Amino acid sequence: MCKQRLKYPQQECGFTLLDSLLQLIVLVLFAQFFLLFYSWYSQKDNGMFNNNELQWEIFAFQLQKELTHTKQFTRNTIQNISYSSDRGTLSVAIGPGELKREKGYQPLLFGITTVKFEYSDYILDATINFENGKGRSRKFIVPNNTR
């Protein structure tokens with residue numbers, strides 16, 4: 001009877017070496033997925049889904065659409081353009097941190113620091129720098145210009 005009390009019971013508690021290695025492998029796999037997610041999340045600001053890029057594309061589409069139906073176009077200053085169409089005379093100028101219509105309250109682009117419009121041979125080159133240091137530039141065709 002004494003020998004049976006000194007023996008270990010049949011149901012032992014604790015981890016075996018195999019259990020520990022399996023848990024370590026699962027932990028390493030989850031760590032790899034976490035690192036992949038973190039690197040993807042840090043790169044998403046450089047992609048198409050950041051706010052500045054989306055605002056820029058919407059602004060560029062809207063400006064090109066309006067310039068397509070332009071009857072007269074003038075570049076007033078390096079930061080101000082005006083054009084006339086069936087909607088009347090429209091002006092785009094820089095305000096405090098935004099690009100907006102000169103006579104009105106419609107903001108076209110937020111979070112900008114500098115705007116530069118250059119016009120030559122029916123091509124308008126717009127260069128805009130954002131507050132986060134990134135810049136965008138695009139050329140627009142200005143047809144039906146009577147200068």
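The values are calculated or read from the model by the stated rules, or taken from the named source; none is laboratory data. Note that the coordinates shown come from a computational prediction; the quantities given were computed from them, not determined experimentally. Cβ sites come from the backbone with ideal geometry, for glycine too, and all protein chains shown count toward neighbours.
Things to note:
Every residue, every condition in (1) at pLDDT below 80; (2) part of a helix (DSSP H, G or I), yes or no:
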site	(1), (2)
Lys3	yes, yes
Pro9	yes, no
Ser42	yes, yes
Ile81	no, no
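Results for (1) assigned by TED's automatic domain parsing to the domain that holds Lys71; (2) assigned to a strand (DSSP E or B); (3) touching a Lys or Arg at 6+ places or on another chain (Cβ under 7 Å); (4) of a type in the set (A, V, I, L, M, F, W, C), shown as yes or no for each residue.
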{"site": "Leu99", "(1), (2), (3), (4)": "yes, yes, no, yes"}
{"site": "Gly104", "(1), (2), (3), (4)": "yes, no, no, no"}
{"site": "Leu108", "(1), (2), (3), (4)": "yes, yes, yes, yes"}
{"site": "Thr114", "(1), (2), (3), (4)": "yes, yes, no, no"}
{"site": "Tyr119", "(1), (2), (3), (4)": "yes, yes, yes, no"}
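- Residue among Ile94, Ile128, Ile123 that alone is under 20 Å from Glu57 (Cα atoms) and loosely packed, with under 13 Cβ neighbours inside 10 Å: Ile123
- Per the listing Leu54, Leu108, Leu63, the residue uniquely surrounded by 15 or more Cβ atoms within 10 Å (Cβ to Cβ) and under 17 Å from the mean Cα position of the chain (by Cα) is Leu108.
- Gly88 free of Cβ contacts under 8 Å to residues at least 60 places away in the same chain and either closer than 19 Å to Gln55 by Cα or within 21 Å of the chain's Cα centre (by Cα) (or both): no
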